[in-house]
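The values are calculated or read from the model by the stated rules, or taken from the named source; none is laboratory data. Only a predicted model underlies this, so the values are computations on that prediction, with no experimental measurement involved. All Cβ positions, glycine included, derive from the backbone under ideal geometry; neighbour counts span all protein chains shown. For the accessible areas, the whole protein counts, side chains as well, though only heavy atoms, and no ligand, DNA or RNA atoms are used. Shrake-Rupley method; radii C 1.70, N 1.55, O 1.52, S 1.80 Å.
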Amino acid sequence: MLLRRCVPFAAALFLLLPTGEVRAQSDQDRAAARSLATQGAEAFTSGRFEEAIDLLGRAEALVHAPTHLLLMARAQTRLGRLVAAKETYLRIVREELPSTAPSPFKKAQQDAREELAAVDPRIASLRIALEGTAGRKILVKLDGQPVADALLGVHRPIDPGNHVVIVYPPGLSPMEQAITLGDGERKELKIPVPESPAMAPLPDGSGEGQGTWSGGPGEAPPADPPGGAERKTNVLMLGGGIAAAALGIGGVVVGSVFLAKGGATQQEANDLSETNRCESPGGVGAECGPLIQNRIKRLDADAASQQTTGAINLITGGVLLIGGATLIVLELTSRPEPSRSAWIAPYVTPTGLGVRGAF
């Protein structure tokens, strides 16, 4: 019966659009709205209610007409969206039409009052009550959409049918619960929410770190074992000391090698000078020509460079070795019980160098 009534009703939609009772921006807007309204009415009579709502909504955005809204409300009702349909009907009913309004507009308003009276009792009501939240802020979704805090614990209008409620307690897995409501049915859904796992306190023991875990729903915060932060610090200190000591040993070895090489180069220069009597009393010897003198100068320069490099590496390596050994000793001697007897110290002998100790 309703579908048959929509054919002449659809004709009224676009016949009335050019009148002075509608708010149009231009002739193009009126023509476009008329076309969209016609397409929307055809979609409605064919049972394509989603398409009808979209087309009529576009027409309404261009030119306001109660006839647009009435057909939209009917399509929403057919889809079971009674809450949305009620709001659309109310827009029509609450509009103050002038006395000069076209009779189809007045008829649309009268039909909206009658149909609203039939739809309103069919709307269901649901109260979502969370138990055990103790003031905690809990995310709740109804059919995939977040539920405002103001709607928790009170009855709210809802379309009849099947619905899914999901609760996301922090640090725990989501809790899902399905519910079905009939026309006009009033239900209450109580969901006990378990306590969330305690958040790990800050290393100083102040506990201010509680509740700072930002993981997603169902993810538990990582727990550090007792004394974990202190052990990490100790490991870093010990590792840094060992690394510095190792670098120091390397520097001492490299420095010693360059010093030894510089001494050998200098000895070579001295032997060459003595063999060729370059420093004989009374002047340069006959065998000490320009080539020999240049070679001696190069050897002297090389010896000086090698000895300087060796001294720098030896000093730097010694500082690193002593610093690293100090860190190791401090870290080991600060440990309780068994570690108090541990010791370590560098040594240098005529035949080598290294680190020795007891653990």
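Any chance you could count how many residues in region 23-60 are outside any loop (DSSP other than H, G, I, E, B), farther than 25 Å from E114 by Cα and small (G, A, S)?
Going through region 23-60 one residue at a time, the tally reaches 4.
For every residue, the table says whether it meets (1) within 53 Å of the chain's Cα centre (by Cα); (2) outside any helix (DSSP H, G or I); (3) in contact (Cβ under 8 Å) with a residue 24 or more places away in the chain.
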{"site": "Q293", "(1), (2), (3)": "no, no, no"}
{"site": "K297", "(1), (2), (3)": "no, no, no"}
{"site": "Q307", "(1), (2), (3)": "no, no, yes"}
{"site": "I315", "(1), (2), (3)": "yes, no, yes"}
{"site": "V319", "(1), (2), (3)": "yes, no, yes"}
{"site": "I328", "(1), (2), (3)": "yes, no, yes"}
{"site": "L332", "(1), (2), (3)": "yes, no, yes"}
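Restricting the first residue to region 78-104 and requiring it to be without any contact (Cβ under 8 Å) to a residue 60 or more places away in the chain, which pairs with a second residue that is open to solvent by less than 40 Å² (accessible area, probe 1.4 Å) and charged (D, E, K, R) meet a Cβ separation below 8 Å and a spacing of at least six or different chains?
A85/R74; Y89/E115
Per-residue answers, yes or no, for (1) modelled with pLDDT of 60 or more; (2) of a type in the set (A, V, I, L, M):
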site: W213; (1), (2): no, no
site: V235; (1), (2): yes, yes
site: L238; (1), (2): yes, yes
site: S256; (1), (2): yes, no
site: R277; (1), (2): yes, no
site: G283; (1), (2): no, no
site: E287; (1), (2): yes, no
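Looking at region 177-188, can you tell me whether even one residue there is at pLDDT 90 or above, surrounded by 15 or more Cβ atoms within 10 Å (Cβ to Cβ), among the aliphatic types (A, V, I, L, M) and over 27 Å from the mean Cα position of the chain (by Cα)?
Yes: one or more hits.
Out of A108, A129, I need the residue that is open to solvent by less than 60 Å² (accessible area, probe 1.4 Å) and within 30 Å of L172 (Cα to Cα). Which one?
Result of the check over A108, A129: A129.
What tally of residues in region 113-143 results from selecting those that are small (G, A, S) and at pLDDT 95 or above?
4
Of the residues V93, V83, which single one is closer than 30 Å to P192 by Cβ, modelled with pLDDT of 95 or more, part of a helix (DSSP H, G or I) and open to solvent by 30 Å² or more (accessible area, probe 1.4 Å)?
After applying the criteria, what remains is V83.
Report whether or not K107 is part of a helix (DSSP H, G or I) and under 30 Å from G153 (Cα atoms).
So K107 fails the test.
Which of the following residues is part of a helix (DSSP H, G or I), in contact (Cβ under 8 Å) with a residue 24 or more places away in the chain and in contact with a Phe, Trp or Tyr (Cβ under 8 Å, 6 or more places away or on another chain): V119, V140?
When all the criteria are applied, what remains is V119.
What number of residues within region 152-164 are more than 12 Å from E188 (Cα to Cα) and under 28 Å from the mean Cα position of the chain (by Cα)?
1
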